[in-house]
Amino acid sequence: MASLLIIGIKKDKIVVRKVSDSSLGFRFGLMYVWQHKLILSIGIISILPLIVTQMFNVSSPDYISTVLKSNSAVYGLADMSYGAGGLLAGLITSWLILIFPNKKIIVNLFALASLVLFFLYIGRFVLLMYLCTFLLGFSNSALRVVINTVLMKEVDKSFMGRSTSIWNGIAQFIEIFISTVIGITNDHLGAAFGFLCMFAIMFVGVFWSLKAIKLETIDGL
């Protein structure tokens, strides 16, 4: 199915630009991002779903085992639900982008993820776990698509590689420590507490999206 969908995607025209060697260094990429505050804000926002996904991968097995008192079969179905949500996001996000402003999509997806994570924190039902995991997979995957779409429009093509490496590098660096911290925290305060931490992060995404992204500064946003 994925192969058939990819066939219909139009190829982007490759624009060859003459760029001086002095501007190809990583330091110039950092300077470019720092000087463009809007791109910096959107890039930081793009990191949040990645961090939450890593935290979810650490917390969900413990949550299912200690809170829901269930087994690996439930974990497998929950993990599959997350993947199904991601698949749905891949199928319909491009359609959503054509209909709704990107800023509205970003804010609503962060709000959906926040709500879902709060329900996981207070809920104690397996079926609720499946539903919330599905919605979280959808919201996180759709957020990545929409935010990357905005970044691809806003970032100068000669800096796109370096900008992407900055976001991914920061996210991976944070994930190294957050995985350990959330694991220790869950052992001390309970696995459900991890979802409360994730809720706080995604709620920051709601606030940041509303305040940091200006409607009039981004084409189509």
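Only the coordinates and a few stated rules stand behind these numbers; no lab work does. The shown structure was predicted, so the numbers you read here are calculated from the model rather than taken from an experiment. Using ideal geometry, Cβ is built from the backbone for each residue, glycine included, and neighbour counts are taken over all protein chains shown.
FRET efficiency for the pair residue 181 and residue 156, taken as 1/(1 + (r/R0)^6) with r the Cβ-Cβ distance and R0 = 41 Å, rounds to 0.70. Electrostatic bookkeeping for residue 180 treats Lys and Arg as +1 and Asp and Glu as -1; over the other residues with beta carbon under 14 Å from its beta carbon, the sum is -3.
Which of the three applies to segment 93-188, rounded, prolate or oblate, going by the alpha-carbon gyration tensor with a ≥ b ≥ c and a/c under 1.5 meaning rounded? Oblate shape, in that a/c is at least 1.5 and b/c is the bigger or equal ratio.
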